[in-house]
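Structure record follows, encoded as structure tokens.
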Amino acid sequence: MSTAEETPKATEPAASDDLAALLGRVAARDAAAFAALYRSTHAVLYGVVARILTRGDASGEALQEAYVRIWEKAGEFDSARGSPLAWMATIARNRAIDEVRRVRPASLEEMPEGFEPAAEAVDPLAARARSERLAALLACLGNLDADKREAVLLAYYRGFSRDALARRFGAPTATIKTWLRRSLMQLRDCLES
Amino acid sequence: MTLSPDDDFAAAEFALGTLEPGERATLAARRLRESELDAAIRAWEMRLSPLAEATPPIVPPGDFLPAIEARIRAAAAPPASHGVAALQKRLSRWRAAAVGTTGIAAALAIGFIAREATRAVAPREFVAILQRSADSPAFVASINLDSRELTVRPLAAPPQAGKSYELWIIEPKLGPPRSLGVIDAATVTRNPRLAAFDRAVVEDATYAVTVEPEGGSPDGKPSGPPVFVGKLVAVEP
């Protein structure tokens, strides 16, 4: 085990191959690899949970729980099913969604001033070439009507519930559910085509 | 793929995060027992996960790494009184007392169905093996449906430093999960809260265990997904 661990900058995600190698070492209970993994990914994972939970204390708690889970489950990572960062970010996101559904529904009122998550999230230039999977998903999202795409992205990035989406779009909750169903099935068909 | 379209949509909404709290808890419990549903949720998480990866980073306020490492060390501390021999002794004692056969839910269920075909009297004693998978039983909940007496025995639940295990009853008719109280990882817990529920609800419900802050959930709602889950099966009188 090398003692001179390369430490990537906090906000600069490491390449997928590096992260996969670190995850492999974490699965073998390598604490130095875990520290390196934390340093190179925590800002992305915090970005995921903080957009959903908004409160700093809840976001910090969710981040800690996510990394404990990543330590426990590192051996389950399967590179055939996605990138290491996508896998880790999904664990963090699930933790944040569990928390936000437990506490209260995410509401429009809690959106920070001037924060446009949907626009930010789908900026194809910012996300360009991050991965082929992302490019394919963005292309399929682009096929959805603008409102329906925004609903999916607000749910994904901000943790909006059906009720919060209903308020946002001035539509009944049942309509939102129908939107989500059609959008998700359309996305799946598009991704599989 | 034999999953119904409704279940596949539920899996998609689980991954997207838009299920209502009660629906989410129900699905979280079901996926531990239904491998196709679990696979569908994973597939949806995978489809959407490139979005998570592309989230613009935010530098958190402070360094959480030392706290995370401390939690990992606390979780890894060897349990004091949970040697394998003690566990096997308790497991075999429970098996002899409760069913006189192997303690696997599937075997119980098959025996139950076979017996029920020829029996007129409704069973009174039920057990639920609360487990992550069939070979890792963590708790056994025994319930007398007449008295609604609930007894929870630990089998191999790892103690959680600074945390408590809490038992929940999950049934769509009840709405969100209802707490049945904190259960002890080392000793038998008896709890009368089941008296408040209908027999049919008690019989059909899913029982789930979550890890909560010490003393139980502060707001009466599960803090996270279940770590152990089970359904009732009848015990031969």
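A few points about this structure:
- Peptide A:85-95 has a mean of 6 when you count, residue by residue, the C-beta atoms of other protein chains within 10 Å of its C-beta.
- Ranked list, fewest to most other Cβ atoms within 10 Å of each Cβ, for B:W44, A:W87: B:W44, A:W87
- Checking the cross-link pairs A:K73/B:K231; B:K163/B:K231; A:K148/B:K221 against a 28 Å limit on the alpha carbon distance flags A:K148/B:K221 as lying beyond it.
- Take the Cβ atoms of A:R81 and B:S147, set R0 to 60 Å, and the FRET efficiency comes out at 0.80.
- The range B:185-237 and the range A:27-97: distance between their alpha carbon centers, rounded to Å: 29
- The fewest-to-most ranking of B:V188, A:V48 by surrounding Cβ atoms within 10 Å reads B:V188, A:V48.
- Using the Cβ-Cβ distance between A:A15 and B:T187 with R0 set to 41 Å, the FRET efficiency from 1/(1 + (r/R0)^6) comes to roughly 0.25.
Just so you know, all these numbers are worked out from the coordinates, no wet-lab data involved. Note that the structure is a prediction, hence the values are computed from the model and not measured. Positions of Cβ are backbone-derived with ideal geometry, glycine not excepted, and every protein chain shown enters the neighbour counts.
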